[in-house]
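**Q** Encoded as C-alpha coordinates, here's the structure I'll be asking about.
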Amino acid sequence: MDAFDFDTLAVRAGIERSQFNEHSEALYLTSSFVFENAAQAAARFSGEEEGNVYARFSNPTVTALQRRLAALEGAQGCIATASGMSAILSLAMATMQSGDHIVASRGLFGATQQLFSNILSKFGIETTFVPATDLAAYRAAVRPRTRLFFIETPSNPLTEVVDITAVAEIAHGAGALLAVDNCFCTPALQRPLELGADVVVHSATKYLDGQGRVLGGAVAGRADVVEEVFKFLRTAGPCISPFNAWVILKGLETLRIRMEAQSAAALELARWLEAQPGVRRVFYPGLPSHPQHELALRQQKSGGAIVSFEVDGGRERAWRVVDSTRVISITANLGDTKTTITHPASTTHGRISAEARAAAGISEGLLRVAVGLESVEDLKADLARGLAG
Ligand SMILES: *Cc1c(COP(=O)(O)O)cnc(C)c1O
(Lines give C-alpha, C1' and ligand atoms only; values in the text may rest on other atoms or scores of the structure.)
Protein backbone atom coordinates (compact mmCIF):
# COMPACT_ATOMS: atom_id res chain seq x y z
CA MET A 1 0.00 0.00 0.00
CA ASP A 2 3.02 2.30 0.51
CA ALA A 3 2.83 3.68 -3.04
CA PHE A 4 -0.60 5.20 -2.52
CA ASP A 5 -1.53 8.75 -1.54
CA PHE A 6 -2.77 9.75 1.91
CA ASP A 7 -6.44 9.80 0.87
CA THR A 8 -6.32 6.28 -0.50
CA LEU A 9 -4.46 4.98 2.55
CA ALA A 10 -6.98 6.64 4.88
CA VAL A 11 -9.79 4.62 3.31
CA ARG A 12 -8.06 1.36 2.41
CA ALA A 13 -4.84 0.72 4.34
CA GLY A 14 -4.88 -2.16 6.82
CA ILE A 15 -7.79 -4.11 5.33
CA GLU A 16 -7.51 -7.90 5.50
CA ARG A 17 -10.79 -9.52 4.46
CA SER A 18 -12.17 -12.59 6.23
CA GLN A 19 -13.51 -15.69 4.46
CA PHE A 20 -16.82 -13.79 4.02
CA ASN A 21 -15.28 -11.05 1.85
CA GLU A 22 -17.01 -8.25 3.74
CA HIS A 23 -16.57 -4.80 2.17
CA SER A 24 -16.58 -2.72 5.37
CA GLU A 25 -13.88 -3.55 7.91
CA ALA A 26 -14.95 -6.38 10.21
CA LEU A 27 -15.28 -5.87 13.96
CA TYR A 28 -13.78 -8.84 15.79
CA LEU A 29 -15.26 -8.81 19.30
CA THR A 30 -13.28 -11.70 20.69
CA SER A 31 -10.84 -11.85 23.55
CA SER A 32 -9.10 -15.04 22.47
CA PHE A 33 -8.38 -17.10 19.36
CA VAL A 34 -8.51 -20.88 18.86
CA PHE A 35 -5.71 -23.10 17.59
CA GLU A 36 -5.81 -26.04 15.19
CA ASN A 37 -4.04 -28.27 17.68
CA ALA A 38 -1.72 -28.32 20.68
CA ALA A 39 1.38 -27.90 18.52
CA GLN A 40 0.00 -24.74 16.95
CA ALA A 41 -0.91 -23.36 20.38
CA ALA A 42 2.67 -23.95 21.49
CA ALA A 43 4.09 -22.35 18.34
CA ARG A 44 1.87 -19.28 18.69
CA PHE A 45 2.77 -18.84 22.36
CA SER A 46 6.48 -19.14 21.73
CA GLY A 47 6.30 -16.68 18.86
CA GLU A 48 7.57 -19.31 16.40
CA GLU A 49 4.38 -18.93 14.40
CA GLU A 50 2.73 -15.56 13.75
CA GLY A 51 -0.94 -15.16 14.57
CA ASN A 52 -3.46 -14.01 17.12
CA VAL A 53 -3.43 -15.55 20.58
CA TYR A 54 -5.23 -13.26 22.98
CA ALA A 55 -6.63 -9.75 22.52
CA ARG A 56 -4.24 -8.19 25.04
CA PHE A 57 -1.51 -9.03 22.50
CA SER A 58 -3.36 -8.53 19.23
CA ASN A 59 -6.79 -8.54 17.60
CA PRO A 60 -7.46 -8.23 13.84
CA THR A 61 -9.55 -5.04 14.19
CA VAL A 62 -6.85 -3.42 16.32
CA THR A 63 -4.21 -4.57 13.83
CA ALA A 64 -6.15 -2.91 11.00
CA LEU A 65 -6.22 0.40 12.91
CA GLN A 66 -2.49 0.14 13.66
CA ARG A 67 -1.63 -0.50 10.00
CA ARG A 68 -3.80 2.34 8.74
CA LEU A 69 -2.47 4.87 11.24
CA ALA A 70 1.13 3.79 10.58
CA ALA A 71 0.51 4.34 6.85
CA LEU A 72 -0.91 7.81 7.47
CA GLU A 73 1.96 8.88 9.75
CA GLY A 74 4.59 7.30 7.48
CA ALA A 75 5.62 5.14 10.45
CA GLN A 76 7.43 1.80 10.43
CA GLY A 77 5.04 0.54 13.08
CA CYS A 78 2.16 1.47 15.35
CA ILE A 79 0.62 0.20 18.59
CA ALA A 80 -2.88 1.27 19.58
CA THR A 81 -3.66 1.82 23.25
CA ALA A 82 -6.68 2.32 25.51
CA SER A 83 -6.36 6.13 25.57
CA GLY A 84 -3.97 8.92 24.74
CA MET A 85 -2.60 8.87 28.29
CA SER A 86 -1.90 5.14 28.14
CA ALA A 87 -0.01 5.73 24.88
CA ILE A 88 2.24 8.26 26.63
CA LEU A 89 2.62 6.06 29.72
CA SER A 90 3.47 3.02 27.57
CA LEU A 91 6.07 4.98 25.62
CA ALA A 92 7.70 6.18 28.84
CA MET A 93 7.69 2.72 30.47
CA ALA A 94 9.02 1.09 27.31
CA THR A 95 11.91 3.48 26.71
CA MET A 96 13.09 4.52 30.17
CA GLN A 97 14.17 3.26 33.54
CA SER A 98 14.81 4.72 36.96
CA GLY A 99 17.45 7.46 36.78
CA ASP A 100 16.54 8.50 33.25
CA HIS A 101 15.45 12.02 32.35
CA ILE A 102 12.88 13.68 30.09
CA VAL A 103 13.05 17.13 28.49
CA ALA A 104 9.49 18.31 27.80
CA SER A 105 7.96 21.45 26.39
CA ARG A 106 5.90 23.60 28.76
CA GLY A 107 2.21 23.84 28.11
CA LEU A 108 1.72 20.10 27.58
CA PHE A 109 -1.75 18.61 28.02
CA GLY A 110 -2.54 18.75 31.77
CA ALA A 111 -2.59 15.00 32.41
CA THR A 112 0.72 14.57 30.54
CA GLN A 113 2.33 17.17 32.80
CA GLN A 114 0.94 15.39 35.87
CA LEU A 115 2.06 11.99 34.58
CA PHE A 116 5.61 13.30 34.17
CA SER A 117 5.82 15.41 37.35
CA ASN A 118 3.78 13.36 39.83
CA ILE A 119 3.83 9.75 38.66
CA LEU A 120 7.01 9.03 36.68
CA SER A 121 8.93 10.99 39.34
CA LYS A 122 7.91 8.35 41.92
CA PHE A 123 9.79 5.80 39.83
CA GLY A 124 12.95 7.90 39.56
CA ILE A 125 12.29 9.46 36.16
CA GLU A 126 12.67 13.23 36.29
CA THR A 127 11.37 15.78 33.81
CA THR A 128 12.66 19.26 32.98
CA PHE A 129 10.01 21.50 31.44
CA VAL A 130 11.31 24.16 29.07
CA PRO A 131 9.58 27.06 27.28
CA ALA A 132 8.12 25.47 24.14
CA THR A 133 9.76 27.78 21.60
CA ASP A 134 13.13 28.35 23.33
CA LEU A 135 15.63 26.07 21.55
CA ALA A 136 18.53 27.13 23.82
CA ALA A 137 16.49 25.96 26.83
CA TYR A 138 16.10 22.46 25.31
CA ARG A 139 19.88 22.31 24.81
CA ALA A 140 20.60 23.57 28.32
CA ALA A 141 18.24 21.02 29.89
CA VAL A 142 20.14 17.99 28.59
CA ARG A 143 21.64 15.68 31.24
CA PRO A 144 23.82 12.58 30.82
CA ARG A 145 20.72 10.38 31.27
CA THR A 146 18.29 12.32 29.08
CA ARG A 147 16.51 9.61 27.08
CA LEU A 148 13.38 11.32 25.80
CA PHE A 149 12.35 14.72 24.44
CA PHE A 150 8.59 15.17 24.48
CA ILE A 151 6.77 18.01 22.74
CA GLU A 152 3.25 18.95 21.74
CA THR A 153 2.73 21.28 18.81
CA PRO A 154 0.69 23.42 18.52
CA SER A 155 0.42 23.73 22.29
CA ASN A 156 -2.82 23.92 24.22
CA PRO A 157 -4.44 26.42 24.70
CA LEU A 158 -1.99 29.09 23.43
CA THR A 159 -1.18 27.34 20.11
CA GLU A 160 2.58 27.85 20.39
CA VAL A 161 4.36 26.11 17.52
CA VAL A 162 7.49 24.08 18.31
CA ASP A 163 10.16 23.63 15.61
CA ILE A 164 10.12 19.83 15.28
CA THR A 165 13.23 19.59 13.06
CA ALA A 166 15.30 21.78 15.39
CA VAL A 167 14.25 19.89 18.53
CA ALA A 168 14.91 16.55 16.75
CA GLU A 169 18.49 17.67 16.08
CA ILE A 170 19.01 18.62 19.71
CA ALA A 171 17.47 15.35 20.93
CA HIS A 172 19.56 13.22 18.59
CA GLY A 173 22.70 15.17 19.50
CA ALA A 174 22.00 14.17 23.11
CA GLY A 175 21.42 10.52 22.13
CA ALA A 176 17.73 10.82 23.04
CA LEU A 177 14.47 10.08 21.24
CA LEU A 178 12.04 12.78 20.15
CA ALA A 179 8.35 12.05 20.70
CA VAL A 180 5.70 14.42 19.35
CA ASP A 181 2.11 14.46 20.58
CA ASN A 182 0.41 14.95 17.21
CA CYS A 183 -3.10 15.17 18.64
CA PHE A 184 -3.96 18.71 17.47
CA CYS A 185 -2.77 18.45 13.87
CA THR A 186 -3.10 14.72 13.14
CA PRO A 187 -1.18 13.29 10.17
CA ALA A 188 -3.65 15.06 7.89
CA LEU A 189 -1.95 18.38 8.72
CA GLN A 190 1.47 17.48 10.13
CA ARG A 191 3.78 14.48 9.79
CA PRO A 192 6.39 14.75 12.58
CA LEU A 193 8.30 11.61 11.52
CA GLU A 194 9.18 13.26 8.19
CA LEU A 195 10.46 16.26 10.16
CA GLY A 196 12.85 14.15 12.24
CA ALA A 197 10.79 12.85 15.17
CA ASP A 198 11.30 9.20 16.19
CA VAL A 199 7.78 8.57 17.43
CA VAL A 200 4.38 10.19 17.43
CA VAL A 201 1.79 9.71 20.17
CA HIS A 202 -1.92 10.21 19.72
CA SER A 203 -5.03 10.70 21.70
CA ALA A 204 -7.27 9.01 19.14
CA THR A 205 -10.14 10.20 21.35
CA LYS A 206 -9.88 13.56 19.64
CA TYR A 207 -9.68 14.08 15.86
CA LEU A 208 -8.90 10.50 14.82
CA ASP A 209 -12.33 9.36 16.01
CA GLY A 210 -13.48 12.91 15.42
CA GLN A 211 -17.02 12.44 16.63
CA GLY A 212 -16.59 12.27 20.39
CA ARG A 213 -17.52 8.60 20.75
CA VAL A 214 -14.66 6.54 22.17
CA LEU A 215 -11.31 6.71 23.96
CA GLY A 216 -8.19 5.50 22.26
CA GLY A 217 -4.52 6.22 21.73
CA ALA A 218 -1.50 5.17 19.72
CA VAL A 219 2.27 5.23 19.49
CA ALA A 220 3.62 5.22 15.92
CA GLY A 221 7.15 5.51 14.60
CA ARG A 222 10.47 3.70 14.55
CA ALA A 223 10.08 -0.09 14.49
CA ASP A 224 12.47 -0.71 17.41
CA VAL A 225 10.68 1.77 19.68
CA VAL A 226 7.23 0.47 18.73
CA GLU A 227 8.42 -3.10 19.42
CA GLU A 228 9.42 -2.08 22.97
CA VAL A 229 6.02 -0.40 23.45
CA PHE A 230 4.34 -3.62 22.29
CA LYS A 231 6.32 -5.68 24.82
CA PHE A 232 5.16 -3.35 27.59
CA LEU A 233 1.54 -3.32 26.42
CA ARG A 234 1.13 -7.08 26.01
CA THR A 235 2.34 -7.58 29.57
CA ALA A 236 0.95 -4.52 31.37
CA GLY A 237 -2.34 -4.45 29.45
CA PRO A 238 -3.40 -0.88 28.54
CA CYS A 239 -4.71 -2.21 25.22
CA ILE A 240 -7.57 -0.78 23.20
CA SER A 241 -10.98 -2.42 22.92
CA PRO A 242 -11.56 -3.82 19.40
CA PHE A 243 -14.85 -1.91 19.35
CA ASN A 244 -13.08 1.41 19.98
CA ALA A 245 -10.42 0.50 17.42
CA TRP A 246 -13.13 -0.15 14.84
CA VAL A 247 -14.81 3.22 15.50
CA ILE A 248 -11.46 5.03 15.15
CA LEU A 249 -10.52 3.02 12.05
CA LYS A 250 -13.72 4.23 10.38
CA GLY A 251 -13.08 7.78 11.67
CA LEU A 252 -9.74 7.85 9.82
CA GLU A 253 -11.56 7.55 6.49
CA THR A 254 -12.90 11.11 6.84
CA LEU A 255 -9.94 12.55 8.77
CA ARG A 256 -8.49 14.75 6.04
CA ILE A 257 -11.74 16.29 4.90
CA ARG A 258 -12.77 16.93 8.51
CA MET A 259 -9.41 18.51 9.38
CA GLU A 260 -9.48 20.71 6.29
CA ALA A 261 -13.05 21.86 6.82
CA GLN A 262 -12.56 22.44 10.56
CA SER A 263 -9.27 24.30 9.96
CA ALA A 264 -10.85 26.50 7.30
CA ALA A 265 -13.68 27.35 9.68
CA ALA A 266 -11.18 28.02 12.49
CA LEU A 267 -9.22 30.42 10.27
CA GLU A 268 -12.38 32.28 9.35
CA LEU A 269 -13.46 32.47 12.98
CA ALA A 270 -9.96 33.60 14.07
CA ARG A 271 -9.95 36.43 11.49
CA TRP A 272 -13.41 37.50 12.58
CA LEU A 273 -12.44 37.40 16.27
CA GLU A 274 -9.39 39.60 15.57
CA ALA A 275 -11.76 42.30 14.30
CA GLN A 276 -14.16 42.18 17.27
CA PRO A 277 -14.09 44.97 19.85
CA GLY A 278 -13.54 43.49 23.30
CA VAL A 279 -11.16 40.83 21.92
CA ARG A 280 -7.66 41.70 23.05
CA ARG A 281 -5.72 38.98 21.26
CA VAL A 282 -6.30 35.89 19.13
CA PHE A 283 -4.01 32.86 19.27
CA TYR A 284 -4.12 30.92 16.01
CA PRO A 285 -1.07 29.67 13.99
CA GLY A 286 -2.84 30.44 10.70
CA LEU A 287 -2.94 34.18 11.43
CA PRO A 288 -0.01 36.39 10.30
CA SER A 289 -0.12 37.95 13.82
CA HIS A 290 0.91 34.59 15.36
CA PRO A 291 4.57 34.73 16.53
CA GLN A 292 5.44 31.42 14.81
CA HIS A 293 3.23 31.89 11.76
CA GLU A 294 6.12 31.27 9.31
CA LEU A 295 7.17 28.10 11.08
CA ALA A 296 3.55 26.92 11.20
CA LEU A 297 3.23 27.42 7.44
CA ARG A 298 6.36 25.32 6.89
CA GLN A 299 5.51 22.55 9.32
CA GLN A 300 1.71 22.25 9.11
CA LYS A 301 -0.69 22.18 6.16
CA SER A 302 -2.96 24.65 7.96
CA GLY A 303 -3.43 26.32 11.32
CA GLY A 304 -5.56 23.51 12.75
CA ALA A 305 -8.98 23.71 14.35
CA ILE A 306 -8.18 25.22 17.77
CA VAL A 307 -8.54 28.98 18.27
CA SER A 308 -7.90 30.72 21.57
CA PHE A 309 -8.63 34.34 22.34
CA GLU A 310 -8.41 36.78 25.20
CA VAL A 311 -11.30 39.10 26.01
CA ASP A 312 -11.19 42.39 27.91
CA GLY A 313 -12.80 42.27 31.32
CA GLY A 314 -11.20 39.09 32.69
CA ARG A 315 -13.17 36.15 34.06
CA GLU A 316 -16.52 37.96 34.20
CA ARG A 317 -16.53 38.78 30.49
CA ALA A 318 -15.07 35.40 29.54
CA TRP A 319 -17.75 33.54 31.50
CA ARG A 320 -20.42 35.72 29.88
CA VAL A 321 -19.19 34.67 26.44
CA VAL A 322 -19.32 31.02 27.51
CA ASP A 323 -22.76 31.35 29.09
CA SER A 324 -24.24 33.21 26.12
CA THR A 325 -23.61 30.36 23.67
CA ARG A 326 -26.56 28.35 22.38
CA VAL A 327 -24.87 26.20 19.75
CA ILE A 328 -21.32 25.72 21.06
CA SER A 329 -20.97 23.02 23.75
CA ILE A 330 -19.48 24.02 27.11
CA THR A 331 -17.00 21.17 27.56
CA ALA A 332 -13.26 20.77 27.83
CA ASN A 333 -13.15 18.04 25.18
CA LEU A 334 -11.99 18.84 21.66
CA GLY A 335 -11.58 17.24 18.28
CA ASP A 336 -15.29 16.73 17.73
CA THR A 337 -17.50 17.76 14.81
CA LYS A 338 -19.40 19.71 17.47
CA THR A 339 -17.69 22.99 18.41
CA THR A 340 -16.67 23.27 22.06
CA ILE A 341 -15.67 26.18 24.28
CA THR A 342 -13.70 26.19 27.51
CA HIS A 343 -12.36 28.73 30.01
CA PRO A 344 -8.92 27.25 30.77
CA ALA A 345 -8.18 29.33 33.91
CA SER A 346 -11.18 27.84 35.79
CA THR A 347 -11.21 24.34 34.26
CA THR A 348 -8.23 22.60 32.60
CA HIS A 349 -5.73 24.93 34.33
CA GLY A 350 -7.83 25.58 37.46
CA ARG A 351 -5.75 23.45 39.82
CA ILE A 352 -2.44 25.21 39.25
CA SER A 353 -1.57 28.34 41.24
CA ALA A 354 -2.49 31.79 39.94
CA GLU A 355 1.23 32.62 39.59
CA ALA A 356 1.94 29.46 37.59
CA ARG A 357 -1.06 30.23 35.39
CA ALA A 358 0.15 33.77 34.77
CA ALA A 359 3.65 32.47 33.97
CA ALA A 360 2.09 30.07 31.46
CA GLY A 361 0.17 32.92 29.85
CA ILE A 362 -3.27 31.55 30.82
CA SER A 363 -5.13 34.74 31.73
CA GLU A 364 -8.60 35.04 33.27
CA GLY A 365 -9.89 36.44 29.98
CA LEU A 366 -8.64 33.52 27.87
CA LEU A 367 -11.11 31.24 26.05
CA ARG A 368 -10.42 28.23 23.85
CA VAL A 369 -12.70 27.17 21.02
CA ALA A 370 -12.26 23.83 19.24
CA VAL A 371 -14.02 24.46 15.96
CA GLY A 372 -16.28 21.73 14.57
CA LEU A 373 -18.32 21.38 11.41
CA GLU A 374 -21.30 23.68 12.08
CA SER A 375 -21.87 26.80 9.96
CA VAL A 376 -19.23 29.43 10.78
CA GLU A 377 -21.93 32.12 10.64
CA ASP A 378 -23.83 30.37 13.42
CA LEU A 379 -20.63 30.11 15.48
CA LYS A 380 -19.89 33.83 15.01
CA ALA A 381 -23.43 34.72 16.09
CA ASP A 382 -23.05 32.45 19.11
CA LEU A 383 -19.86 34.23 20.27
CA ALA A 384 -21.04 37.72 19.26
CA ARG A 385 -23.90 37.50 21.76
CA GLY A 386 -21.51 37.29 24.72
CA LEU A 387 -18.95 39.69 23.27
CA ALA A 388 -21.53 42.45 22.76
CA GLY A 389 -22.10 45.04 25.48
C1 LIG B 1 -6.70 14.54 25.28
C2 LIG B 1 -5.25 14.63 25.09
C3 LIG B 1 -4.40 13.64 25.58
C4 LIG B 1 -4.89 12.48 26.41
O5 LIG B 1 -5.73 11.64 25.69
P6 LIG B 1 -6.86 10.72 26.34
O7 LIG B 1 -7.36 9.94 25.18
O8 LIG B 1 -7.88 11.62 26.95
O9 LIG B 1 -6.19 9.87 27.36
C10 LIG B 1 -3.05 13.76 25.32
N11 LIG B 1 -2.55 14.80 24.63
C12 LIG B 1 -3.35 15.77 24.13
C13 LIG B 1 -2.74 16.90 23.38
C14 LIG B 1 -4.72 15.73 24.35
O15 LIG B 1 -5.50 16.71 23.88
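The values are calculated or read from the model by the stated rules, or taken from the named source; none is laboratory data. Owing to the predicted nature of the structure, the values given are computational and were not obtained by experimental measurement. Positions of Cβ are backbone-derived with ideal geometry, glycine not excepted, and every protein chain shown enters the neighbour counts. For accessibility, only protein heavy atoms count, side chains too; no ligands or nucleic acids. Shrake-Rupley method; radii C 1.70, N 1.55, O 1.52, S 1.80 Å.
**Q** Of the peptides 339-345, 289-295, 197-203, how do they stack up when ordered by the mean number of other Cβ atoms within 10 Å, highest first? Write down the numbers at each step before the final one.
**A** Details: 339-345: 23.0, 289-295: 15.7, 197-203: 26.9.
Highest mean packing first, the order is 197-203, 339-345, 289-295.
**Q** Right, next: Quick one: which of Lys122/Lys338; Lys206/Lys231; Lys122/Lys250; Lys231/Lys338 span more than 28 angstrom between C-alpha atoms? Walk me through the numbers before you get to the answer.
**A** Working: Lys122/Lys338 38 Å; Lys206/Lys231 26 Å; Lys122/Lys250 38 Å; Lys231/Lys338 37 Å.
Flagged as over cut-off: Lys122/Lys338; Lys122/Lys250; Lys231/Lys338.
**Q** Next question, about the same structure. Can you pull out the chymotrypsin sites (Phe, Trp or Tyr not before Pro) in the range 44-106 whose DSSP state is coil and whose Cβ has at most 13 other Cβ atoms within 10 Å?
**A** On the way: sites: Phe45, Tyr54, Phe57; in loops: Phe57.
Qualifying residues, ordered by number: none.
**Q** Using just the helices of the chain, give the 222 nm mean residue ellipticity in deg cm²/dmol: DSSP H runs with n ≥ 4 each add -39,500 (n - 2.57), and the total is spread over all residues, rounded to 500.
**A** Values: 15 runs with 148 residues, N = 389.
The per-residue figure over the chain is -11000 deg cm²/dmol.
**Q** If you don't mind, there's one more thing I want to ask. Provide the net charge surrounding Thr348, with neighbours chosen by a C-beta distance below 11 Å and charges set as Lys +1, Arg +1, Asp -1, Glu -1. Let's see the in-between values first.
**A** Numbers: positive: Arg351, Arg357, Arg368; negative: none.
Overall, the nearby charge balance is +3.
**Q** Which value, in debye to the nearest 20, describes the size of the charge dipole of the chain about its Cα centre when Lys and Arg Cβ atoms bear +1, Asp and Glu Cβ atoms bear -1, and nothing else is charged? Mind showing how you got there, number by number?
**A** Numbers: 36 positive and 41 negative charges, 164 e Å.
Roughly 780 debye, rounded to the nearest 20.
**Q** Same structure, new question: Please find the FRET efficiency linking Asp7 to Ala356, where r is the Cβ-Cβ separation and R0 is fixed at 35 Å, and quote it to the nearest 0.05. If you can, show how the numbers build up before the last one.
**A** On the way: r = 43 Å, r/R0 = 1.23.
Rounded to the nearest 0.05, the efficiency is 0.25.
**Q** Could you run the Karplus curve 6.51 cos²θ - 1.76 cosθ + 1.60 with θ = phi - 60° over the range 23-34 and give me ³J(HN,Hα) per residue in whole Hz, x for Gly and Pro?
**A** 7, 6, 4, 6, 9, 9, 8, 8, 8, 9, 10, 8
**Q** Separate question: Provide the per residue accessible area, probe 1.4 Å, for the chain, rounded to a whole number of square angstrom.
**A** Values: 16700 Å² over 389 residues.
About 43 Å² of surface per residue is accessible.
**Q** If you stretched the chain out fully between Ser24 and Glu194, how much longer would it get, using 0.36 nm times the residue separation minus the C-alpha to C-alpha distance? The partial results should precede the final answer.
**A** Working: separation 170, 0.36 × 170 = 61.20 nm, distance 3.04 nm.
Computed gain between Ser24 and Glu194 is 58.2 nm.
**Q** While we're looking at this one, here's another question. Starting from the 7 Å offset along Cα-to-Cβ, what nm value, one decimal, do you get for the label separation of Asp378 and Ala264?
**A** Here the answer is 1.8 nm between the modelled labels.
**Q** Carbon-plus-sulfur fraction of the accessible area of the range 1-49, 1.4 Å probe, in percent? Provide the component values of the computation, followed by the final result.
**A** Details: 1950 of 3750 Å².
Carbon with sulfur: 52 percent of the solvent-accessible area.
**Q** Which GluC sites (Glu not before Pro) in the range 1-80 sit in a loop by DSSP (not H, G, I, E or B) and have at most 11 other Cβ atoms within 10 Å of their own Cβ?
**A** Details: sites: Glu16, Glu22, Glu25, Glu36, Glu48, Glu49, Glu50, Glu73; in loops: Glu16, Glu22, Glu25, Glu36, Glu48, Glu49, Glu50.
Here the sparse-neighbourhood loop sites are Glu16, Glu22, Glu36, Glu48, Glu50.
**Q** Compute the helix-to-body angle for 314-323: its Cα long axis versus the longest principal axis of the chain, expressed 0 to 90° and rounded to tens.
**A** Orientation of helix 314-323: about 60 degrees from the principal axis.
**Q** Would you list, by chain and number, the aspartates and glutamates whose Cα falls below 19 Å from the Cα of Lys301, excluding same-chain residues fewer than 8 positions away?
**A** Excluding near neighbours in sequence, the set is Asp5, Asp7, Glu73, Glu152, Glu160, Asp163, Asp181, Glu194, Glu253, Glu260, Glu268.
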